[in-house]
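A quick write-up on the structure given underneath.
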Amino acid sequence: MKKVTTFLLLGIVVGVIVGLFAKKEQTLTHSPKKFQKELQASVPRPNISLKEIKKVVTNSEATKEELLDITIAGQDYDEQDPHSFKAIQAQKQGAFKVIALKRLIETEKNIEGKLQTLNHVIMTAKDPTIQRVAQSYRESLKNGRSFFRDFKQAVGNLPIPN
Amino acid sequence: MKRYIVVITIFLSCLVSANECIPKKDLSEIANHFSQFNKYLSNKDSYCEKDMDEQWFKIAKSLQLLKNLTPNEPQVDQQDGFTYKAISENNWWSYFTNRARKFSVKSRCQTGVVAYVRPFFGGGKIHLCPFFFDFNTSSQASTMMHEVRHFDGHSHTRCTQGNEKGNSGACDSKITNKGSYAISVQTLVGMARSSEISEAEKAMVEAEAVYMAFNKFNQVPELKINTSLLLSNGNGEVYNWDLEQKADYVLTMNNPAKVYASANYMTIYPEDRNLDAYRTSGDLVTRIEKAGLFAETYNDETLSERDKYQAITYLGNGGMLKDNNLILICDRMGGKLSNVNLDDKGQFNRIISIAKNSSGREHQNFLVSEAGELLSYNCASISSTKVNFGQVNKSLSSDLADITQLLSSGDKTYALNESGELISVDTKGNKISRSIINLPIENRDWISIAPITKPEVF
C-alpha cells in the first residue's frame, strides 16, 4: 500500500512538472505560419509607457507577439532637455525595445525568419531609432555576422580621447 | 534559457550591485582622487550604505564601477578565445580623474535635470541633481562620464534625425567626433564588456549603448567589417595586407615568429624554440600577462618536446598537433585540454582551416597527412573533452602536398606553400585550383598568416 501511494505521488509530481514544461513550451513557441500572419496584421501603437515595456521585456515568458508589439511601438517621449530625467527614462525605454528586438529575432530559428521579422520592424516601427537599429542588425545578419558582438567590438576599437 | 534568466534578473542585479559594500582598497583609491571621500575612511575593511551618507555612497559606487572598468590585470580569454570573456581595455578611470575634481550634491535643480557641469569655469566640479540618485549604478557612471566630456569643450547640437528630431542640444554630430554621447556609448560598451557587472546588467547596458548610438548622432553610425591578413616572415617582419592592393608594414619582431590571431589578441610562437610563446594585444607590442592555455602548455614543455609540435591553429575548434597527438580545448566550461592520439587514424603533420560559410567567421579544421589526406575533427560538446572525427578524405591529396598553412578570410581562402609564397585557393567540389597572389610587397619567405577581422564604426 505504501509503495502504491509513493508511486502515485511520484506520478503526480512528474505530471505537474511535465505540465509546467508543456505550458511553457506553449507560450514560448509558435507556429511560424501563425506568427507570420500576426506579423503582417500587427499595427504599431503610437506610444507605450516605460512601465508597460518593462513588464513585457522582463517577463521570461513573453510571447513573440508581445515582443513585437513593444519593439514597433512609438516612444513616450516629449522632453527637450538632453540631460533631464525624462530623457534618460526615454533612453531606458529605447534600450528595452532593443532587448525586445534582440529577443524577438533570437526566437526565430532560421535566417529567413529573422530577416522577415527585421524587415517588418524596419517598415512598421514607429520609433525611427529602432528602424535604424533593425537595418544595421539586418545587414549584419545578411553577412553572417553577430550585430551586437560587432557593435561592441567596433565601439571598443574607438580610441579614448586624450 | 540563459537569456530569460538574464532578462528576469536585470533589475534584481541592479539592486544587488547597488547595495554591495565597497572594499577599503576601492574607497581609498577613490578618495585619492576625490578628497570629499576622505571623511568616510576609517579602520573598516569595507564601507556599506550605513557607513556613508546615502547619496555619497551611491556616488562612490558609480566611481567604483568606473575605476574597475580598467582591470590592472586584463582578464583575457584564458582558453585562447574559445571561451569569450571580454574585457575593457581602455583606461576610463584615468580619463575621468584627469577631468573631474569634485562633486556637488544639489538639493534642487532646474526641472528634470539629472546632472550638469560648467564646462569652462567649472573647476572639474560635477553637479548631481536629486534625479541622479534615482538611477542605477551603471546609468550614474555613464552620466558622469558624459558630463566630464563637456569639460573638454564638447557641446551638443540640434537633432536632425532619430526619435528626437528637432530637439535642440540633444544630439552630437557623429560618433567619431568623440563628443559626450560618444563617450557615453563607449562607457556603456566598456561596462557591457567588463567582468565587473552581472550578465543581466551587461544585457541592459549593451542595449542602452545600441539605442544611444543610433539615436543620438545626426550621422547614423555604420558598422564596417575590415578584413585583412597578417603576414610574418623569416626576418621577423610583419605586414598587414588588406586583401587587395595595400600591404602596411606593421613592425619587425626581435625574433621571427609565427603569429596567430585569437579573439582580440595575437599569440606569438618564436621560431627559436628556446623562447616562450607569448600573447599581445592587437598592436603586437602590448604584452598580455596570460598567454592562453595553448601557449602555456607549449611553454611548459622542454625544448625537445617543443620540437615535436607540428602545427597550431586558433581557428575553428582550434588545435595543436604534437607528435601525432591532437590537443585542443573542447571543454570550454572547465577549460580542460583534450589530448587524442591519432595513430589509429593515420600520421598527420598539419592542420588546415576552411571557412564554413561566406562570412569566413566559422572554420572547419582538418588534420592533413604527409600525403595530403584530410581528416576533419570537431568537439562533441562544449562541456566535455570528447572529440569527433570524420572520414579520411584522399581526394585532395595531390593539391595539398606542399601546403603548410591554409585558412579563410572573408569569402576567400589563402594558403602558404613550402616556398613561403602566399597563394589563393579555390575549392570547387573535389578539386582545388590555386594561384600565386600578386602582393604589393615581395611574396616570399612567409612563415605564418593570420586572418584579422576588425569591426569599425564610422
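The values are calculated or read from the model by the stated rules, or taken from the named source; none is laboratory data. What you see is a predicted model; the values in this text were computed from it and never measured. Note that each Cβ is placed from the backbone with ideal geometry, even for glycine, and that neighbours are counted across all protein chains shown.
Each residue in the range B:132-191 was checked for being in a helix (DSSP H, G or I) and of a type outside the set (A, V, I, L, M), and 21 of them qualify. Scanning the range B:417-457 for residues that are modelled with pLDDT of 90 or more and either β-branched (Val, Ile, Thr) or touching a His at 6+ places or on another chain (Cβ under 8 Å) (or both), we see that the one that is farthest from B:ASP402 (Cα to Cα) is B:ILE441. Tell me, please, whether a residue that is exposed (fewer than 15 other Cβ atoms within 10 Å of the Cβ), closer than 16 Å to B:GLU271 by Cα and either in contact (Cβ under 8 Å) with a residue 24 or more places away in the chain or outside the structural domain of B:TYR269 (by TED's automatic domain parsing) (or both) can be found in the range B:306-316. Within the range B:306-316 (the criterion being exposed (fewer than 15 other Cβ atoms within 10 Å of the Cβ), closer than 16 Å to B:GLU271 by Cα and either in contact (Cβ under 8 Å) with a residue 24 or more places away in the chain or outside the structural domain of B:TYR269 (by TED's automatic domain parsing) (or both)), the answer is yes, since at least one residue qualifies.
Applying the selection to the range B:337-360, what residues are within 14 Å of chain A (Cβ to nearest Cβ) and surrounded by 20 or more Cβ atoms within 10 Å (Cβ to Cβ)? Answer for the range B:337-360, where residues must be within 14 Å of chain A (Cβ to nearest Cβ) and surrounded by 20 or more Cβ atoms within 10 Å (Cβ to Cβ): B:ALA355, B:GLY360. Within the range A:135-158, being at the interface with chain B (Cβ under 7 Å from one of its Cβ atoms) and among the aromatic types (Phe, Trp, Tyr) holds for A:PHE148, A:PHE151. Inside the range B:388-407, residues that are buried (at least 19 other Cβ atoms within 10 Å of the Cβ) and under 16 Å from B:GLY319 (Cβ atoms) make up a count of 4.
Return yes or no: is A:THR117 more than 9 Å from chain B (Cβ to nearest Cβ), of a type outside the set (D, E, K, R), surrounded by fewer than 20 Cβ atoms within 10 Å (Cβ to Cβ) and closer than 24 Å to A:ASN59 by Cα?
No: the conditions fail for A:THR117.
One line per residue, one yes/no per condition, for (1) of a type in the set (Lys, Arg); (2) without any contact (Cβ under 8 Å) to a residue 60 or more places away in the chain; (3) closer than 30 Å to B:ILE423 by Cα:
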position: B:ASP172; (1), (2), (3): no, yes, no
position: B:THR187; (1), (2), (3): no, no, no
position: B:PHE214; (1), (2), (3): no, yes, no
position: B:LEU223; (1), (2), (3): no, no, yes
position: B:GLU237; (1), (2), (3): no, yes, yes
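With respect to B:CYS379, is the statement that it is without any contact (Cβ under 8 Å) to a residue 60 or more places away in the chain, crowded, with 20+ Cβ neighbours inside 10 Å and of a type in the set (A, V, I, L, M, F, W, C) true? Considered against the rule, which asks whether it is without any contact (Cβ under 8 Å) to a residue 60 or more places away in the chain, crowded, with 20+ Cβ neighbours inside 10 Å and of a type in the set (A, V, I, L, M, F, W, C), B:CYS379 comes out as no. Applying the criterion of being of a type in the set (Lys, Arg) and under 18 Å from B:SER28 (Cβ atoms) to the residues of the range B:38-81, the residue that is modelled with the lowest pLDDT is B:LYS67.
Every listed requirement among (1) within 20 Å of B:GLU222 (Cβ to Cβ); (2) within 9 Å of chain B (Cβ to nearest Cβ); (3) modelled with pLDDT of 90 or more is met by A:ALA125 save one, (2). Restricting attention to the range B:381-392 and to residues that are touching a Cys at 6+ places or on another chain (Cβ under 7 Å) and of a type outside the set (Val, Ile, Thr), the residue that is modelled with the highest pLDDT turns out to be B:LYS386. For the range A:142-162, the set of residues classified as in contact with a helix residue (DSSP H, G or I) (Cβ under 8 Å, 6 or more places away or on another chain), under 28 Å from B:LYS165 (Cα atoms) and part of a helix (DSSP H, G or I) consists of A:PHE147, A:PHE148, A:ASP150, A:PHE151, A:LYS152, A:VAL155, A:GLY156, listed by residue number. If you go through the range B:324-342 and keep only what is more than 27 Å from B:PRO451 (Cβ to Cβ) and at pLDDT 95 or above, you end up with just B:ASN341. Residues in the range B:126-143 include at least one that is touching a Phe, Trp or Tyr at 6+ places or on another chain (Cβ under 7 Å), within 10 Å of chain A (Cβ to nearest Cβ) and within 25 Å of A:ARG132 (Cα to Cα).
Within the range A:115-147, track down each residue that is of a type in the set (Ser, Thr, Tyr) and under 23 Å from B:GLY410 (Cβ atoms). Spell out the reasoning first.
Keep residues of the range A:115-147 that are of a type in the set (Ser, Thr, Tyr), which gives A:117, A:124, A:129, A:136-137, A:140, A:146.
A:SER136, A:TYR137, A:SER140, A:SER146 - these are the residues of the range A:115-147 that are of a type in the set (Ser, Thr, Tyr) and under 23 Å from B:GLY410 (Cβ atoms).
Take B:VAL368 and tell me if it is touching a helix residue (DSSP H, G or I) at 6+ places or on another chain (Cβ under 7 Å), in a strand (DSSP E or B) and more than 30 Å from B:VAL210 (Cβ to Cβ). The answer is yes for B:VAL368.
Of the strands (runs of 3 or more DSSP E) entirely within the range B:192-269, those holding at least 3 residues that are more than 10 Å from chain A (Cβ to nearest Cβ) and in contact with a Gly (Cβ under 9 Å, 6 or more places away or on another chain) occupy B:257-262. Exactly one residue out of A:GLN131, A:GLN116, A:GLN135 is farther than 17 Å from B:ALA207 by Cα, assigned by TED's automatic domain parsing to the domain that holds A:ILE72 and not small (Gly, Ala, Ser): that is A:GLN116.
Tell me whether the range B:330-351 contains one or more residues that are under 25 Å from B:TYR414 (Cβ atoms) and of a type in the set (Gly, Ala, Ser).
Step one: of the range B:330-351, the residues under 25 Å from B:TYR414 (Cβ atoms) are B:348-351.
Okay, now just the ones that are also of a type in the set (Gly, Ala, Ser), so none.
Taking every residue of the range B:330-351 in turn, none turns out to be under 25 Å from B:TYR414 (Cβ atoms) and of a type in the set (Gly, Ala, Ser).
Within the range B:270-309, can you find the residues that are in a strand (DSSP E or B) and modelled with pLDDT of 95 or more?
Applying the first criterion (in a strand (DSSP E or B)) to the range B:270-309 yields B:270, B:278-280, B:287-288, B:309.
Scanning the range B:270-309 gives B:PRO270, B:TYR278, B:TYR309.
Name, by its number, the condition in (1) out of contact with any Ser or Thr (no Cβ under 8 Å at 6 or more places or on another chain); (2) more than 25 Å from A:ALA90 (Cβ to Cβ); (3) part of a helix (DSSP H, G or I) that does not hold for A:LYS109. Every condition holds for A:LYS109 apart from (3).
In a residue-by-residue description of the range B:346-364, the property of being assigned by TED's automatic domain parsing to the domain that holds B:PHE294, part of a loop (DSSP other than H, G, I, E, B) and under 14 Å from B:GLY390 (Cα atoms) applies to at least one position.
Which is surrounded by fewer than 24 Cβ atoms within 10 Å (Cβ to Cβ) and assigned by TED's automatic domain parsing to the domain that holds B:GLY162, of B:GLU201, B:GLU208, B:GLU196?
Working: B:GLU201 fails: surrounded by fewer than 24 Cβ atoms within 10 Å (Cβ to Cβ); B:GLU208 fails: surrounded by fewer than 24 Cβ atoms within 10 Å (Cβ to Cβ).
So the residue among B:GLU201, B:GLU208, B:GLU196 that is surrounded by fewer than 24 Cβ atoms within 10 Å (Cβ to Cβ) and assigned by TED's automatic domain parsing to the domain that holds B:GLY162 is B:GLU196.
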